[in-house]
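These notes concern the structure reproduced below.
The values are calculated or read from the model by the stated rules, or taken from the named source; none is laboratory data. Computed from a predicted model, the values in this text were never measured in an experiment. Ideal geometry is used to build each Cβ from the backbone, glycine not excepted, and the neighbour counts take in all protein chains shown. When the accessible area is computed, the model is the full protein with side chains, heavy atoms only, and any ligands, DNA or RNA have been set aside. Shrake-Rupley method; radii C 1.70, N 1.55, O 1.52, S 1.80 Å.
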Amino acid sequence: MKKITLALALIMIITTILSTNIFAIEIPLRVVVNGDRISFPDAQPFIDSNGRTQVPVRFVSEALGADVGWDGSTRTVTVEQARNKISLVVGKSEYTVNSRKMEMDTSVVLVEDRTFVPIRFVSEALGADVDW
């Protein structure tokens, strides 16, 4: 009986330890465009509270062949590639693609002087396929 009680106690302890995040390791997010890993020298991608992967807009957009602009007075970032033009405003979930209003389930954020955008919305607006 002691062996069964001890075994149950050990199982409960191990289950409790494994179900908590005390051993959680934060793994950096990798972003790959056309087989090339994107480097983020000063601000790293993260997953926001809505479960969306936010990336510094410039690095991914330029890897997709787009030009990025910034208007500090309106806190608006523009991404232009061939016929596509995307406008996003910091703090807003609404954005425009070729003058058509769209809605995200998260918003653009400013972190460490970098504008972070949800990678899926911007990449797909530029015609890219996004896999997770």
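So the values come out like this:
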| item | result |
| --- | --- |
| Rounded to the nearest 10 Å², the accessible area of Asp113 at probe 1.4 Å | 150 Å² |
| With DNA, RNA and ligands ignored, accessible area of Asp67 (1.4 Å probe; Å², nearest 10) | 110 Å² |
| Around Ile38: net Lys/Arg minus Asp/Glu count, Cβ-Cβ under 11 Å | +1 |
| Heavy atoms of Leu126: accessible area, 1.4 Å probe, square angstrom to 10 | 20 Å² |
| Net charge of Cβ neighbours under 11 Å - reference Thr96; Lys, Arg +1; Asp, Glu -1 | +2 |
| 20 Å reach of a label modelled at Arg83, 7 Å along Cα-to-Cβ, counting backbone N of region 95-132 | 96-102, 122-129 |
